[in-house]
Amino acid sequence: MNINSSFLTANQEYQKGNYIGALHVLNGLLDTRQDTRTYALLGRTFLKLDMKEEAASAFALAGNAGGTDAERHLHNAMMLHYECGNEDEALVIAKKFLHKAHKDADVAFVMASIFIKRGQKDILGALRKPLIESAKPNHLAVALHLLADAPHDEDNFKTIRRTLKLFPDNQGVRLLHLIHSREFCEFESMRKHQPILDAEVAGGNLDIIRAGSPFYSLMWCGDEKLNQIAAMATRAYEPGTPERRRARPHDWSNEKIRVGYLSYDLWDAHATMKLLGNVLERHDRDRFEITLFCYTPEEHLGFNKFDRSLWGNVVRIVDMTDEEAANTIRAHNIDILVDLKGHTKGNRTQIMNHETAPVHVSWLGFPGTSINLDIDYIIGDRFVLPEYSKPYFYEKFCRLPETYQPNDPVHRPAPRGATRKDFGLPEDAFIFASFNANRKITAEYIEIWGTILERCKNSLLWIMVDNERARTNILKEMDSRGISAKRVLFSPKVSYEEHLDRLNLADVGLDTFPVNGHTTTSEQLWAGLPVLTRVGTNFASRVSESLLHAIGLPELVAQDDAEYLEKAIALYENREKAAEYKQRLTDNRFVAPLFDAERFCQHLERAYEMMVEEAKAGRAPEHFDVPSFPAREGNFAPPAEI
């Protein structure tokens, strides 16, 4: 039988659905170099047999053989390689289409997805347009990552607004538009577009949630069930990964528990290390061996002034692939790997899907579930992780007894007694303050704050906003309610020490919802500024509640928005009560658990010990609460502060 008749026989078998027969004939043809049609038929046959990697290789051969359909075959090969996780092979083919990436959404999707994962987003500007104009949810999800990384970029915002006009029914573009609207405090836009998304979701269109990012879903959605769906859209690990990881042989002979911390943020000026630094220093080195697996960029490390070796042994993995990083972690025989990033900017959480340690933990970086990451436990407390939240988390709860948030009473500067005059603030006005990121200010809460100012005539709002457009929109909002621009003061950026000095000059801090202040709230409480919050509906909206209980000021947790409003007005009308709360914060600073890093570290270490006990016994992770140590007697201030 000659080559042509053999091909016809194979094609006939394929048409009859006898794919095994077709494959058998085609295999006989591959001893010699074949033409495009043979390789293409082989690719289609492999696809029918669900052999996608083999199909990708066959289509690549078909494309490389030339012919009028070469690009189509290479395109198929690229998509299949990407789907199979063969990123290098997919990228090699995608680069052949670089000349058309600006208009081919599939090529843009493959290249952008790979370079985003590798932390090389800065080269992807030209790929935004085809992705944002695509109707495919996965394309829009990647566009979201590209554009949402710079939500303060006005050029991005203009691009998205134009695109929304072209595609007014595209909910993914609307989602992007709202992310940027929040960054610029475009409240009119929020009021127009958010109800449309809400109605779509209420009607069962959950693709909107999946097209978004887990982080940005928190800014508008306080529903844990929906937050979980947003996390589900991230790249998942292979089935059976947790079980294989836990079953891996592991050397438990070391007397010390080896804890690894994985993060992008391991430099002293980052919010994470402002919280965590002193706890790392306090780890008992007789019982714990601490390693920091660091992929902090060099430009951030250039600002670091702290001796990072005091936190632990630093291992740089910034230039490693995920697999190489996982191999490095395994080589250090880590017992517990703690991811400090979750679904936040700059993360390399996919490393957790490479079977790195017997116990995997999520903590501090992301206030929600890390579903699709191979995580055993999430560290929280009874406020941020209440019982009824368990169905919405993939991880098992490890709840610390007082608060999930560490704090540093040693390196965090103490307030130095600034005056209102120092910062140009009026002496006689009652000052409500908000120092949270302006993207957290919803249309609902700017309305509540406007009502507070309307009813509290001798008050003003002192607010930190990082762009002129947002300032203009806030003033416009207040002007629409008849509130003078003189009653809104914008706080400029100052040094960290000056920022802590000025916080206590306000009378009451106003929290945001559904995303609270996190580090911002603990900074205000440290400085002696009472923070008014409300009971939350997901992790991100329960953080301030946790911190207020840990500092002994639960009275400032309102049950809902209406009570939040009334409590704010009541404090304006009873300034002695606001002053009493300030004094309580000062009295409790070195007594209550919130800033007791030593006590916190003891509870955290007990949590790690309990995790290791379960892993050594071969038991699968289950929810558990860490028992509280006896209450401390006296205060814990550093000697200079007592």
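So who's got an amide H within less than 5 Å of the one on residue 261, skipping anything under 5 residues away but keeping other chains? H placed 1.01 Å off N, in plane.
Amide H neighbours of residue 261: 291, 292, 293, 338.
Determine the dipole magnitude for the range 421-589: charges of +1 sit on the beta-carbon of Lys and Arg, -1 on that of Asp and Glu, nothing else is charged, the reference point is the Cα centre, and the result goes in debye to the nearest 20.
Dipole of the range 421-589, to the nearest 20 debye: 300 debye.
When the convex hull of the Cα atoms of the range 421-589 is projected onto a plane and the area is averaged over all directions, what value comes out in nm²?
8.9 nm²
Can you find, among 193, 397, 431, the residue sitting farthest towards the positive end of the charge dipole of the chain, where Lys and Arg contribute +1 and Asp and Glu -1 at Cβ?
Value: 193.
Pick out, from 300, 43, 247, the residue whose Cα sits farthest towards the positive end of the charge dipole of the chain, with +1 on the Cβ of Lys and Arg and -1 on the Cβ of Asp and Glu.
43
Which trypsin sites (Lys or Arg not before Pro) in the range 1-97 sit in a loop by DSSP (not H, G, I, E or B) and have at most 15 other Cβ atoms within 10 Å of their own Cβ?
Sparse-neighbourhood loop trypsin sites (Lys or Arg not before Pro): 16, 33.
Once amide H atoms are placed 1.01 Å from N in the peptide plane, what residues at a sequence separation of 5 or more from residue 490, or on another chain, have their amide H within under 5 Å of its amide H?
463
To two decimal places, what compactness ratio does the chain give when its Cα radius of gyration is scaled by 2.2 N^0.38 Å?
Expressed relative to 2.2 N^0.38 Å, the Cα Rg reads 1.09.
Just in the range 390-484: which GluC sites (Glu not before Pro) are loop by DSSP and have at most 16 other Cβ atoms within 10 Å?
427
Compute the Rg to Rh ratio over the range 166-306 from the alpha carbon atoms, using the Kirkwood formula for Rh, and round to two decimal places.
Radius of gyration relative to Kirkwood radius: 1.11.
Which loop-located GluC sites (Glu not before Pro) does the range 217-325 contain, where loop means any DSSP state but H, G, I, E or B and the Cβ has at most 11 other Cβ atoms within 10 Å?
255
So what are the radius of gyration and Dmax for the Cα set of the range 343-462, in Å?
When restricted to the Cα atoms of the range 343-462, Rg and Dmax are 20.7, 60 Å.
Mind putting a number on the dipole of the chain about its Cα centre? Charges go on the C-beta only, +1 for Lys and Arg and -1 for Asp and Glu, and I need it in Debye to the nearest 20.
Dipole about the Cα centre, nearest 20: 1300 debye.
Among the aspartates and glutamates, which fall within straight-line cross-link reach of residue 440, defined as a Cα-Cα distance under 15 Å, with same-chain neighbours fewer than 8 residues apart omitted?
183, 186, 466, 511
Give me, ordered by chain and number, the residues 5 or more places off residue 288 or on other chains with an amide H under 5 Å from its own placed amide H.
Distant-sequence amide H within range of residue 288: 257.
Remind me, what semi-axes does the range 241-400 give for its equivalent ellipsoid, largest first in whole Å, using sqrt of 5 times each Cα gyration tensor eigenvalue?
Semi-axes (√(5λ), whole Å): 22, 20, 16.
Can you tell me the relative contact order of the chain? Whole percent, Cα pairs under 8 Å, sequence separation 6 or more.
Relative contact order comes out at 11 percent.
For the range 1-97, what mean projected area does the convex hull of the alpha carbons give, in nm²?
Mean orientational projected area (the range 1-97, Cα hull): 5.9 nm².
Under 13 Å from the Cβ of residue 228, count the other residues' Cβ atoms, weight Lys and Arg +1, Asp and Glu -1, and hand me the total.
0
Going Cα to Cα from residue 48, which lysines come in below 28 Å? Please leave out same-chain ones fewer than 8 positions away.
16, 95, 96, 136
Work from the charge dipole of the chain (Cβ charges, +1 for Lys and Arg, -1 for Asp and Glu, about the Cα centre) and give the residue of 164, 624, 572 farthest towards its positive end.
Of the options given, the answer is 164.
Given charges of +1 on the Cβ of Lys and Arg and -1 on the Cβ of Asp and Glu, with all other atoms neutral, how large is the dipole of the range 241-400 about its Cα centre, in debye to the nearest 20?
Approximately 340 debye in magnitude.
Quick one: which of 493/577; 486/577; 274/341; 345/493; 129/165 span more than 19 angstrom between C-alpha atoms?
Check vs 19 Å cut-off fails for 493/577; 486/577; 345/493.
With every atom except the alpha carbons ignored, what do you get for Rg and Dmax of the range 462-503, in angstroms?
Computed over the Cα atoms of the range 462-503, radius of gyration and Dmax are 12.0, 36 Å.
Over all distinct alpha-carbon pairs, what is the Kirkwood Rh of the range 310-380 in angstrom?
12.5 Å
Output ³J(HN,Hα) for the range 561-567: one whole-Hz value per residue in order, computed from phi by the Karplus curve 6.51 cos²θ - 1.76 cosθ + 1.60 with θ = phi - 60°, and x for Gly and Pro.
Here the 3J(HN,Hα) series is 4, 4, 6, 4, 4, 5, 5 Hz.
Where the eigenvalues come from the Cα gyration tensor of the range 356-416, what are the semi-axes √(5λ) of the equivalent ellipsoid, largest first, in whole Å?
Three semi-axes, in Å: 26, 15, 10.
Relative contact order for the range 483-615 using alpha-carbon pairs under 8 Å, separation at least 6, rounded to a whole percent?
Worked out over the range 483-615, it gives 20 percent.
At a temperature of 4 °C and a viscosity of 1.567 mPa s, determine how fast the range 237-329 diffuses translationally according to Stokes-Einstein, using the Kirkwood radius over alpha-carbon pairs as Rh; express D in µm²/s, rounded to the nearest whole number.
Reported coefficient: 87 µm²/s.
Each value in this text was obtained by applying a stated rule to the coordinates, not by laboratory testing. Predicted model only: the values in this text are computed from it and were never measured. Note: ideal-geometry Cβ built from the backbone for every residue, glycine included; neighbour counts use all protein chains shown.
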